[in-house]
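Comments concern the structure below.
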Amino acid sequence: MENNHKSSEVLPDNYNYYGTRPQGGFQDREVKKPPSIRAEKARTMYLETKSSASVEFPYWYTRRWEELEGEIPIIRRAEALKSGFAHLTPAVLPGELLAMRKANYLRGSYPMPWLSEAFFLSKEDDLYKEAQKAGKASADEATTMGQGGGNVTESSGNVISIAGKFGLRKEEMPILIKTAKRWLNRSVDDVGHKYEQLVPGYDTKEEIMRAVICMFDSGYTLPQGREVINYYYPLQYGIEGIKKICRENQANVAGFPEMDRLYFYKGVHTMLEGLQTWILNYSKEAHLMASLENDQVQKSEYLEIADRLERLSESRPDTFHDALQLVWIFHVAVLNEDAISGLSPGRLGQVLYPYWKQDMNKGILTREKTIELLECMRVKFTEIDCFASMGVVGGVLSGNTFNNLCIGGLDKEGNSAANELEMLILESAISCDTPQPTLSLLFDEKLPEEFLLKGVECTKIGTGYPAWVNNRVAMEFLLNNFRKEGMQSEEARAWAIGGCLETSPGSWMPLELNGETYFIPGGSAPATSVGVHFISLPKVLEAVLFDGLDKRTGRRVYPPHGVELDTYEKIWTIFKHYFSLTVEVLTLTNNIQHDIWGKVSPSLINSMLKPDCLATGKDISHKGSRYNRTFNVEICGGVNLANSLSSLKKNVFDEKTMTLDVLRTAIESNFGYLSALDTGAYSLTDQVKSADYKAWLRIHKLCLDAPKYGNDDKYADDIFREWQLWFSKMCENYKSLYDEPLYSCQISVSTHAPMGAVTLATPDGRLCGTTFADGSVSAYPGSDKNGPYALFNSATCYNHALSQNSQLNMKIHPSVVMGREGSRKFLEMIKAYLRKGAFHAQFNIVDSRMLRDAQKNPADYRGLMVRVAGFTQYWVELGKQIQDEVIARTEYEQLG
Amino acid sequence: MTLKTNRYDSKGYLFDIQGLSVHDGPGCRTLIFLCGCTLNCFWCSNPEGISPKHSLIYANEKCLGCGNCVSLCTQNALMLVDGKLKIPGEICHTCDSPNCFTECYTNALRLSGYEISVEKLYEIIQRDRQFWGLNGGVTLTGGEPLLQLEFAHDILRRCHEGYIHTAIETCGNIPWKNFQEVIPNLDWIFFDLKHMDNFRHKEATGSGNLLILENLARLSKEFQGRLIVRLPLIPGFNDSDENLNSVISLLKKIGRNEINILPLHHLGREKYQMLQRDYQGNGYPIPSNEKLKDIQKLFEASGVDCFIGGETPF
């Protein structure tokens, strides 16, 4: 920045109370610092690598599992995991400061047929047809994966493409199929399916899944995740220390009632032995690499890795580098246990701060070295792939794994928890902008201004992180929900975001270092987002208007209501009825799936980490965690629902500009447009007219002109609020597997695209097949015409603490936030929105013209990242539906 | 004229309200665009705001030629020629009952400019106020905001009573009494200066600069808030050293030592098409960064703080 200002001048006499002295002169566009050479190399290597699957782990896992026919499930599971880990081929790469990865490839992962095997057999086996009949494949069909980047979209040479994303060596395919077949009728999916059919109304559930009113079963697809990991036990005790705890407890409980505790301790011990072999195999590999290396610097780095891993295979860490390595080891270990999306490191900067401060005081670490390490950590987190079915990986996650790192918030005593290490975490996220770990800033008025402005600086580079989330709103939600399990405000402060935007309970654990005790935060609950996953509200409304039918396929989903819809209240009542029916049947079936998961394939690694499983001897499926009221109902398309109800109320009932029959016909005729499913354009602005579109012009305009959410229009906002209040309350009528009431969750992730794709036109004027509004309080693209402040006011028309989250995504043109002044004003805007009681906001600071160009020329934009519904992802790895939607999202642009 | 009433029952015409404005005064602000202007600058980026009440905006490419607007026209003024609408601006912009656009299903024909009461406008301001954060406020712009004097006065006074920071952006080409009426309720003035030469000024804006310069000199003495001179920089029109040096002399003379340069942009070009007017700014290039830095140095060398566009720190 060039500073032309002469500071010696005195203030002009006409400055009034708002006029501060001008600082700084004409400013160039902000220039971003590059990452360290080491991190840049690692990132380049990552970007040139394709998602690679292998079968080592599932093969050895399955083999050991079969050997132990007749054993107790948790012991079979422990032994199978041990065998899987012990047989993973280590892969140490040059330049790495942090070693170890999921599988034997960079960007490697593997299928987990013990959860669900049907998907992997789909090409070879008639099972696929069976699966289709059960309604499971519909979500896969409605999803398009991103076509570029690291996705293996097509088979080529000896590499076979799985789900359009993962590449598998041809010779491994028969092993995969053979291994997968072993799980037929034994996987969590298959066993769960057998029992969920016993739920009354199960047929309705199948129809709900087939119509894609619900996106997927949470039980077997992603049984874990959307939670915050806890690194406390390995840091405090080391692996040998935890094994010792297991042995001691084993001796205490053997022969006493609640014998499951014995098997749990035994299982954890066994599993840890597997992890030790895995770590030592990497140590050996590092030694081997060192022996082959001529470059002295690289050689010594390999040897350092070898020594570090050997130490960590037994002992607790002594330094920042060791602690970070151990954190990484356990993060990967948990990810290798189940198909997991959204395992968040949580408040890592606060967990590691004692080590960092100690090393800085000793003079064995510098800020530069810290940033380099943190940058390398970013690349490692980005490397994580999640192998699940395409409906899940593409449709829900857009390939994202949601390793959400939180900064800020309050400490145990209620003071600002932001620290110097978190400033460096922000620095490294600016210099090394990778999608993972994405950042969330837990905003509180007590946080220092400089820290917040550093957060703004990071938001401004256009990566979309950090997301800004409201500490106080989260605490209110947590205390409402977890008070019964003993949570008080002190522990409510230990929360973090688990996954994309799930408020997750935490706890403070006493870490001892150099004779001092530090209370570090960490997750203290299992997955905080399991239960009823993604109900498409506009699709439920469609069924209301068409007497319980899925109009796209003509199939009956709900029992006919047979009511003549001659008042608005009747529509709203039947909507509530159908929605309740949906939640009821899905709660019951999902409870069974989760019960089966806990019985046949319980978590050992994650359970061991979560307070207080190790103390109680119970795993996370048996309420071993401190907090267990974590089942929820997730919805999608809430804004389109409110807009549609508003249009129905206004046009059909209040002003009677059209009859309901006319509106129904208009919906079936897609307001005179061709279907997006034929044209491939999913955003409202790119729709193609049919020959008779003129006949529908008036009706369509009336629907589009009806009051819309996001404009500070009381008419629409009242409808939105009524829905919100009813929804958050009705969730409590349903009980989780652990006999606790459910709570509401409102993140769309990427489901608004595939769910929109199977939904007819809606009364708000949205066309057939087009994507719904994203998030929970983002306006429908193009419908918010009164600017951001009107949107903020609409968004805060109800108490956000009623739900686990709310979500607002905004695209802002770089010109609005240019320069130092822009940063300050941007922060003021964010603060003002959160002060109004909003839970979350995140920003895409990009020019939509650039995004259009990126769509045309993906090769030129390999590194471009955008925010989509709760996370950051490379543009080229997004499906086209989401790309279209991001482009159409309202851009707030102000120019000089 | 006496405007010292405690009731705020005046109404006025706006053509836009923008929240989250960051370039027109301290903090995040709400920008209120008032209709009507006494100048007609060829580079104007808000040509729809020149007319005192309404402008009809017509997007040629969206028009289906259905003729709904023609049959709804109460003045018998609208015409379809070859399936496209012809808008006689002199009739339409002063039309008292425009409803021709109401049955336009493709939104090809829209009306810019609407009437609003002070009370309703203040409600919107209060809503926005929740989100300004530190140092926010209201900026009246346009058009020339002080042309609708009673309305501008009432809204500024209402804001002032509510402890809201108030600013205007004025072209200066209005009677002194208009300033006199509003300055007790004003914290901040952006005062536009287009050219120092009376003849060149008249050529480019339709009006000479004598009144403008007189008002500026008087404001410098009588206005207690912050007064910032803004120079829209139009290369080839007002960027000569001669003109800039006389701007500097003027600033010295009236005791001002800061200026805000607004570089020409052509973002308003499409609007001219939609108003069925010709855009005369095409031949003028957008100033380069180097050029702007040179100009900045020129001002700084004379002891005048010079800030470019949205970079002005407040």
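The values are calculated or read from the model by the stated rules, or taken from the named source; none is laboratory data. Because the structure is a prediction, the values reported are computed rather than measured. Neighbour counts are summed over all protein chains in view; Cβ atoms, including those assigned to glycine, are modelled from backbone coordinates with ideal geometry.
Out of curiosity, is A:Ala790 in a loop (DSSP other than H, G, I, E, B), surrounded by fewer than 24 Cβ atoms within 10 Å (Cβ to Cβ) and within 12 Å of chain B (Cβ to nearest Cβ)? In short, no. Working only within the stretch B:225-255, note down all residues that are touching a residue at least 40 places away in the same chain (Cβ under 8 Å), within 14 Å of another protein chain (Cβ to nearest Cβ) and not small (Gly, Ala, Ser). Within the stretch B:225-255, B:Ile228, B:Arg230, B:Pro232, B:Leu233, B:Ile234, B:Leu251, B:Lys252 qualify.
Just one of A:Lys831, A:Lys825 is of a type outside the set (Phe, Trp, Tyr), in a helix (DSSP H, G or I), surrounded by fewer than 24 Cβ atoms within 10 Å (Cβ to Cβ) and not assigned by TED's automatic domain parsing to the domain that holds A:Gly499; which is it?
Of A:Lys831, A:Lys825, the one residue that is of a type outside the set (Phe, Trp, Tyr), in a helix (DSSP H, G or I), surrounded by fewer than 24 Cβ atoms within 10 Å (Cβ to Cβ) and not assigned by TED's automatic domain parsing to the domain that holds A:Gly499 is A:Lys831.
Just checking, does the stretch B:6-24 include any residue being farther than 30 Å from B:Arg129 by Cβ and more than 12 Å from chain A (Cβ to nearest Cβ)? No. Per this entry, A:Asp784 is not counted among residues that are touching a strand residue (DSSP E or B) at 6+ places or on another chain (Cβ under 8 Å) and acidic (Asp, Glu). Scanning the stretch A:443-460 for residues that are buried (at least 24 other Cβ atoms within 10 Å of the Cβ) and not in a helix (DSSP H, G or I) yields one hit, A:Phe443. Looking across the stretch A:648-694, just one residue is surrounded by fewer than 18 Cβ atoms within 10 Å (Cβ to Cβ) and among the aromatic types (Phe, Trp, Tyr), and that is A:Phe653.
When A:Gly548, A:Gly554, A:Gly562, A:Gly617 are screened for being without any contact (Cβ under 8 Å) to a residue 40 or more places away in the chain and surrounded by 17 or more Cβ atoms within 10 Å (Cβ to Cβ), only A:Gly548 passes. Evaluated against (1) under 25 Å from A:Met475 (Cβ atoms); (2) at pLDDT 95 or above; (3) away from every other protein chain (no Cβ under 14 Å), A:Asp764 falls short on exactly one condition, (1).
When A:Val749 is tested against (1) farther than 30 Å from A:Ala676 by Cβ; (2) touching a residue at least 24 places away in the same chain (Cβ under 8 Å), exactly one condition is not met: (1). Can B:Ser51 be described as surrounded by 22 or more Cβ atoms within 10 Å (Cβ to Cβ) and within 14 Å of the chain's Cα centre (by Cα)? Yes; evaluated as a whole, the condition is true for this residue.
The selection criterion, being more than 23 Å from the chain's Cα centre (by Cα), assigned by TED's automatic domain parsing to the domain that holds B:Trp188 and not in a helix (DSSP H, G or I), does not hold for B:Gly236. Restricting the stretch B:242-264 to residues that are at pLDDT below 95 and crowded, with 18+ Cβ neighbours inside 10 Å, the residue that is nearest to B:Trp43 (Cα to Cα) is B:Leu264.
Close Cβ contacts (under 6 Å, 6 or more residues apart or on different chains) running from residues in the stretch B:294-314 that are buried (at least 22 other Cβ atoms within 10 Å of the Cβ) to residues that are hydrophobic (A, V, I, L, M, F, W, C) and at pLDDT 95 or above comprise B:Cys306/B:Phe299.
Counting only residues that are under 29 Å from A:Thr401 (Cβ atoms) and either polar (S, T, N, Q) or not in a helix (DSSP H, G or I) (or both), the stretch A:349-389 holds 11 of them.
Against the test of being at pLDDT 95 or above, not hydroxyl-bearing (Ser, Thr, Tyr) and not in a helix (DSSP H, G or I), the options B:Leu146, B:Leu140, B:Leu156, B:Leu134 yield a single qualifying residue, B:Leu140.
For beta carbons closer than 9 Å, sequence separation of 6+ or different chains, a first residue in the stretch B:121-145 that is at the interface with chain A (Cβ under 7 Å from one of its Cβ atoms) and closer than 15 Å to B:Gly25 by Cβ and a second that is basic (Lys, Arg) and surrounded by fewer than 20 Cβ atoms within 10 Å (Cβ to Cβ), the qualifying pairs are B:Gly133/A:Lys831; B:Gly133/A:Arg835; B:Leu134/A:Lys831. Hey, does the stretch A:793-805 have a residue that's over 27 Å from A:His577 (Cα atoms), within 14 Å of chain B (Cβ to nearest Cβ), surrounded by 24 or more Cβ atoms within 10 Å (Cβ to Cβ) and touching a residue at least 40 places away in the same chain (Cβ under 8 Å)? Scanning the stretch A:793-805 turns up no residue that is over 27 Å from A:His577 (Cα atoms), within 14 Å of chain B (Cβ to nearest Cβ), surrounded by 24 or more Cβ atoms within 10 Å (Cβ to Cβ) and touching a residue at least 40 places away in the same chain (Cβ under 8 Å). Filtered by the rule that a residue be at pLDDT below 95 and aliphatic (A, V, I, L, M), the stretch A:787-815 gives A:Ala790, A:Leu791, A:Leu808, A:Met810, A:Ile812.
Residues in the stretch A:574-614 that are of a type in the set (Val, Ile, Thr) and within 26 Å of A:Arg186 (Cα to Cα) were compared, and the one that is surrounded by the most Cβ atoms within 10 Å (Cβ to Cβ) is A:Thr589.
Just so you know, in the stretch B:153-189 the residues that are among the aromatic types (Phe, Trp, Tyr) and more than 17 Å from the chain's Cα centre (by Cα) include one that is nearest to B:Arg218 (Cα to Cα), and it is B:Trp176.
Inside the stretch B:159-198, can you point out the residues that are part of a helix (DSSP H, G or I) and within 14 Å of chain A (Cβ to nearest Cβ)? The answer is B:Cys159, B:His160, B:Ile183, B:Pro184, B:Asn185. Among the residues of the stretch A:503-533, the ones that are in a loop (DSSP other than H, G, I, E, B) and without any contact (Cβ under 8 Å) to a residue 60 or more places away in the chain come to 1 in all.
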